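These notes are about the structure you will find just below.
Each reported figure results from applying straightforward, stated rules to the coordinates on display, with no laboratory input. All of these numbers come straight from a predicted model, not from anything done at the bench. Ideal geometry is used to build each Cβ from the backbone, glycine not excepted, and the neighbour counts take in all protein chains shown.
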């Protein structure tokens, strides 16, 4: 893709991407909406002719191909997670599937052709507090030298006069714990071994804090980013008591460091219905929902009306409308325009765009978004 010509002109602009993002997320006047998309499934790159015929094989290439506005992020060298990961190995296989142990120590059944599918997890390496203590000692050392950040390299790669927003990644407090234990394992452990699970959350928090202590104040960040995926379409995967009493206090510690470092826009990526979590998020300073899946959360205007300018959203364009065709896409996108004009809302597909969206209809959506939210 390095030599492929972008298929679209960049939206006309009077500001840099960085200035636009900062102003839009602070409800200040902008030349036009920040233009970004979440991305695409693996199958899109195999099935959509516009990708296949132009050698586009991944989301980074696709974002450059569509000439979206630019945003970059910097994270902890080990992902604020276990180091080293478990050695991946194949335990068994059939003609179409294989059973593996993955880097999080989970036994998982996956398809050999690697098509987009949630693995079937059957076992975890951590079931008891003794298991956790062993793995923690081996793989979650806060003082691991591999977690030392090369701040000078970050400053060289992302100089103060850059023209794009730069995010500092704040890891995960409970989503990666869920990955390590499985959804079922977390549900049981939260009741059987609550102290163990809280220590997992505390360890995740300490890893992020050590990273932030190294970079905040040395690098000029525009926002903070995180990842949780701790909800399904009917609500959170953990109890509200657990979230409020265990997770939120750690978010508050991270939020205090971010604010002291001059960062006041903070999103975390969580699918599903995050609405019950919003008050806890906001109390910690985590003020931006991403990607705000409509199937779980409803129309973004409802929560933006409820919480006012304290809440921001990135996402919230119903991907199901893209599947339904151009009339449905137009009607829904037009309903978002008044909220974009208020500020604090950057609309894009509310998860990765699925391959069964007609690629010509997708290009129509991009054109329409520019007509409604750009300068033309």
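Tabulated values for the structure
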read-out	value
Degrees separating the helix 183-192 axis from the principal Cα axis of the chain, which is the longest one	50 degrees
Within a Gaussian network of the chain (alpha carbon springs, distance under 10 Å), most fluctuating of 285, 298, 344	298
Residue of 247, 70, 151 that the Gaussian network model of the chain assigns the largest fluctuation, springs spanning Cα pairs under 10 Å	151
Among 58-66, 114-122, the order from most to least packed when residues are scored by Cβ within 10 Å on average	58-66, 114-122
Tilt relative to the chain, helix 129-139 - C-alpha long axis, 0 to 90 degrees, to 10	60 degrees
Inter-probe distance in nm under a simple model that places probes 7 Å from Cα toward Cβ, at residue 42 and residue 128	3.6 nm
Among 234-246, 308-320, the order from most to least packed when residues are scored by Cβ within 10 Å on average	308-320, 234-246
Mean ellipticity per residue at 222 nm, deg cm²/dmol - from DSSP H runs of n ≥ 4 across the chain, formula -39500 (n - 2.57)	-12000 deg cm²/dmol
Cα point-scatterer Debye curve for the chain, base-10 log of I(q)/I(0) at q = 0.10, 0.13 Å⁻¹	-0.69, -1.20
Fraction of antiparallel bridges per DSSP, the chain only, in percent to nearest 5	45 percent
Which of 94, 57 has the fewest Cβ neighbours within 10 Å, and the rest in rising order	94, 57
Per-residue Cβ neighbour rank within 10 angstrom, fewest leading, 124, 283	283, 124
Helix axis angle, 248-260 relative to the chain longest principal axis, alpha carbon, degrees	60 degrees
Alpha carbon centroid spacing (whole Å) that separates the range 337-359 from the range 80-106	34 Å
Highest-first arrangement of 329-338, 220-229, 200-209, where packing means the average Cβ count within 10 Å	220-229, 200-209, 329-338
